[in-house]
Amino acid sequence: MNKVWIEAQEVFNKLLWPEESWESWRRTPLGKVRPEQKFQQFFSVHKEGFGKSSRITENGKAREGWALEVHRTANTWVCYRSEETQQVELYDWFSNYPPEVSRVLMKRIQGLSDRIQAWNLSYPTHGLILKIPDHLRISSPLLLQVEEEDVISLPHLVILLGKDSEAQIVVRFDARKTPGIFFNGGITYQGEENAQGTLVVDRLVPSESGFFLSFEGYLQRDASLQSLEVHAGGQVSKSNWKLELEKEGSRGDLRGAYVATPGSHLEMELTQSHRSGHSQSNSLYKGVIASGGKSVFQGLIVVGEGATKTDAYLANRNLLLGSGARADSIPRLVIGNNDVRCTHGSTTGKLNELQLFYLRSRGIPYGEARRILIEGFFEEVISKIPQIYQEDVVHRIAESLL
Amino acid sequence: MSEALTLDIGEYKYGFAFPDRSVFKTRRGLDEEIVRTISQLKNEPEWMLQYRLKGLHAFQRKRMPNWGADLSDINFDEIYYYAKPTEGRKERWEELPEEIRATYDRIGIPEAERKFLAGVGAQYDSEIVYHNIRTDLERKGVIFCAPEDAVRDYPELVRKYFGTVVPFNDNKFAALNTAVWSGGSFIYVPPGVQVEIPLQAYFRINLESFGQFERTLIIADEGSFVHYIEGCTAPIYSRNSLHSAVVEILALKGARVRYTTIQNWSNNVYNLVTKRAVAYEEAVVEWVDGNIGSKRTMKYPAVYLMGPKAHGEVLSIAFAGKGQEQDTGGKIVHTASDTSSIITSKSISKDGGIASYRGLIKVYPNLTGIKSHVVCDALLLDPQSKTNTYPYIEIESEDVSMEHEARVSRISEEQLFYLRSRGLSESEASLMIVNGFLDPLVKQLPLEYAVELNRLIELEMEGSVG
């Protein structure tokens, strides 16, 4: 066992399982997912076989349009590279990874306050570390596709962007073949000085599933991150997305697209944490809530006492389709100094009747007109992700609303 | 700025106190015996005593809120829960004891009454000591009296409405109020009656380590209108006092109620108040809530929109100075179609003060034509001050137009520069910007109060440099 896991397990042992009486959990139907029981079940199986590493195999060239593809199936990471990404480093979670990875993970672990997240870091079932070396700028996107085959699945991905590097990364968790899955995934991201990252996280889950995802990113001086999380379907889903703007000049542009389908509970927590001056963050989370679906968005801008000249914006837009749709929106600000510009906005409404009427008067059937308007609604959140993946996201949203 | 003003720097001008001359006071702490004593002193019917006891048990059972301002300093066993300042209630100012009269003279009540009020109540510690209402309103059937008198004289009205808007077990502090309430106002406005000029109550705490628990119930019958104003002050002591009021408002069909508070408690008062209104069909309820004083305030005036086309509005101003925490906001619950609401919150933090907006907009399922608009603006005057915004938005209907926005800013260099280039000093310029920031709200206040508020802000702003 390496010291990262030991530390993570110590933190895990100190924390308590969440309860519905806690402020950040009181909207979550914990009874439907029962993390504590899932853990007992998991532990009774895994205490023996914990710590088995996966193989990483190189398997030739990546598809047209991608700079690197990693597919995980049956305990193997299969890797396809293009010329551009020969120097990109990949490590399995259970192998010996470089010390800078440990440092980032220790930072993450010391900041843990949630037991479900701590579980992910203490006992992951599989994990991959992707490191972009200093000064490497990759023009085509990288794809990490993780097939989830275990009924209780705990992947953890670490993404490190070295100094002056640039990369666009698409992470795709695919659990469609595993009905009833309990997914508890984690991503840790570090952008070194002037690293320019783009990160898309997408997941495909069966309708019967519990889904937890926690992301934490750290940006050093002048680093930037452009992110998009996509959530559609699933029974109970809760994601925590937190960006720490640790040093001056760092910038984050965080976006979300979500669809709460009938019977699903979709929850997102977003934190834009400014710890140094002259940092900027911007967020835009847009969601469609179908009849019988529920979404909860809890956004938070935190500005530390020394973080002057901060510029932060947070926005949440909800579109309700039909009665019985429910959207909660809690955009919060916690501001610790006066030399800042922080604003947030939240709107909730329905499809524009006039626009619907206009489209229908042009002979477009109702369902089609609705689809066009919903696609238009999501346009601005997906416009900045790699073009090659935009269609997938649009398709996923349309599919979930059928 | 004038000479006279600079002399007042930083002083809380209502901080004076007179010696304790209460004619009766319960011992410190709270138990069933004290609740029974209060009830007995007020000659209450059995049902009210039983209701108080239910409140007491709920208070003992309920936990302190695990959110909001830090309340860990409150020691419930240290507090006096009831103190009777005089024998009986007076309708003529001259009959009041000298010291109480002097107190209100210094706060300026009789003056206000002469000038523009339709009715006045003054509460000193636990009891309403003075009460008066214009006879023309009395003839129209308007009731404005102490709630104790209402229990005695209008038991059917009180039993019908008391505790229906804020139940005895609503929260820990509402439960406490239910157990030991004393004083406050009871207002009933008959159908169609318009009370054109405001009714006013003044609340004053004189004792140290004292708890004031007034209870206000306002019933505006169909198509009527009333504007109620309250002001609050207290002396400065080293030990903390507690003010925990409950205000219930019922605006029946087509009625309009406007409730204005300018709270200027001294900086040793915990101000934990439950204010809630229900608005039936086409009714309008407006809360204008100014929080200048107190050590910690937790207050979120609420409107439940129960009938179609009802409208609710909350205008909230908070000023958090040194050592102060203003945790304020508003709550609107839409339970009927075609209802609308507006919450406007403006806060200013200075000298390390913390101003937080905390609010809720809730829309029940299967409603149509709902409109809601929430704006929160925060101004931070120095690097040590803090501001937080916690808006909760819960929407379960489709046909809703809901907008929320919040902004945090400071006095900008450009604004200051502009004003200074026009020959204003830095402090004058800052003051002007702060006044401009609050202007939209100050306009909503009756003239006398607007002047008073501007003056208070001016005093609070003394010596501050943007």
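The values are calculated or read from the model by the stated rules, or taken from the named source; none is laboratory data. Because the structure is predicted, anything quoted here is derived from the model rather than measured. As a convention, Cβ positions derive from the backbone with ideal geometry for all residues, glycine included, and neighbour counts pool all protein chains shown. Accessible surface areas use protein heavy atoms only, side chains included; no ligands, DNA or RNA. Shrake-Rupley method; radii C 1.70, N 1.55, O 1.52, S 1.80 Å.
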Practice task
Pick out the one residue from B:Asp351, B:Asp338, B:Asp377 that is in contact with a strand residue (DSSP E or B) (Cβ under 8 Å, 6 or more places away or on another chain) and more than 24 Å from B:Pro440 (Cβ to Cβ).
Solution key: B:Asp338
Problem - Number of the exception - A:Ser323 against (1) away from chain B (no Cβ under 13 Å); (2) open to solvent by 10 Å² or more (accessible area, probe 1.4 Å) - result: (1)
Fill in the blank from the handout: Here the residues within segment A:339-371 that are more than 17 Å from A:Gly322 (Cβ to Cβ) and at the interface with chain B (Cβ under 7 Å from one of its Cβ atoms) are A:Asp339, A:Val340, A:Arg341, A:Cys342, A:Thr343, A:His344, A:Gly345, A:Ser346, A:Thr347
Exercise for the section: Please enumerate the residues belonging to segment A:234-259 that are within 18 Å of A:Asp174 (Cα to Cα) and either open to solvent by less than 10 Å² (accessible area, probe 1.4 Å) or out of contact with any helix residue (DSSP H, G or I) (no Cβ under 7 Å at 6 or more places or on another chain) (or both). Expected result: A:Gly234, A:Val236, A:Ser237, A:Lys238, A:Ser239, A:Ala257, A:Tyr258, A:Val259
Handout entry: Selection count where residues are buried (at least 24 other Cβ atoms within 10 Å of the Cβ) and assigned to a loop (DSSP other than H, G, I, E, B), scope segment B:181-192
Key = 3
Problem - helices (runs of 4 or more DSSP H) within segment B:5-115 that include 2 or more residues at pLDDT below 75 - result: B:98-107
Exercise for the section: Counting only residues that are free of Cβ contacts under 8 Å to residues at least 12 places away in the same chain and open to solvent by less than 60 Å² (accessible area, probe 1.4 Å), give me the helices (runs of 4 or more DSSP H) lying completely in segment A:1-98 with at least 1 of them. Expected result: A:30-33, A:35-49
Exercise for the section: Just one of (1) more than 14 Å from chain A (Cβ to nearest Cβ); (2) over 23 Å from B:Gly29 (Cα atoms); (3) out of contact with any Leu (no Cβ under 8 Å at 6 or more places or on another chain) trips up B:Ser72, so point out which. Expected result: (2)
Handout entry: Positions within segment B:368-404 being within 7 Å of another protein chain (Cβ to nearest Cβ), among the small types (Gly, Ala, Ser) and part of a strand (DSSP E or B), in sequence order
Key = B:Ser401
Exercise for the section: Report the residue count in segment B:342-367 for those that are assigned to a loop (DSSP other than H, G, I, E, B), more than 24 Å from A:Arg326 (Cα to Cα) and open to solvent by 20 Å² or more (accessible area, probe 1.4 Å). Expected result: 2
Handout entry: Criterion violated by A:Phe297 - all others in (1) farther than 24 Å from B:Tyr364 by Cβ; (2) more than 8 Å from every other protein chain (Cβ to nearest Cβ) satisfied
Key = (1)
Problem - One residue from A:Leu266, A:Leu284 being within 30 Å of A:Ala369 (Cβ to Cβ), open to solvent by 10 Å² or more (accessible area, probe 1.4 Å) and modelled with pLDDT of 95 or more - result: A:Leu284
Practice task
Assess whether A:Ala312 counts as being more than 10 Å from every other protein chain (Cβ to nearest Cβ), in contact with a strand residue (DSSP E or B) (Cβ under 6 Å, 6 or more places away or on another chain) and under 17 Å from A:Ser281 (Cβ atoms).
Solution key: no
Practice task
Mind listing whichever residues of segment A:103-114 are out of contact with any strand residue (DSSP E or B) (no Cβ under 8 Å at 6 or more places or on another chain) and buried (at least 17 other Cβ atoms within 10 Å of the Cβ)?
Solution key: A:Ile109, A:Leu112
Problem - Filter result (touching an Asp or Glu at 6+ places or on another chain (Cβ under 7 Å) and in a loop (DSSP other than H, G, I, E, B)) within segment B:193-235 - result: B:Ile205, B:Asn206, B:Leu207, B:Ser209
Exercise for the section: Kindly list the number of the only condition in (1) surrounded by fewer than 24 Cβ atoms within 10 Å (Cβ to Cβ); (2) touching a residue at least 60 places away in the same chain (Cβ under 8 Å); (3) in a loop (DSSP other than H, G, I, E, B) that fails for B:Gly254. Expected result: (2)
Problem - Failed condition for B:Asp439, given (1) assigned by TED's automatic domain parsing to the domain that holds B:Lys309; (2) out of contact with any helix residue (DSSP H, G or I) (no Cβ under 6 Å at 6 or more places or on another chain) - result: (1)
Exercise for the section: Within segment B:315-328, track down each residue that is assigned to a strand (DSSP E or B) and either within 14 Å of B:Leu441 (Cα to Cα) or open to solvent by 10 Å² or more (accessible area, probe 1.4 Å) (or both). Expected result: B:Leu315, B:Ser316, B:Ile317, B:Ala318, B:Phe319, B:Glu325
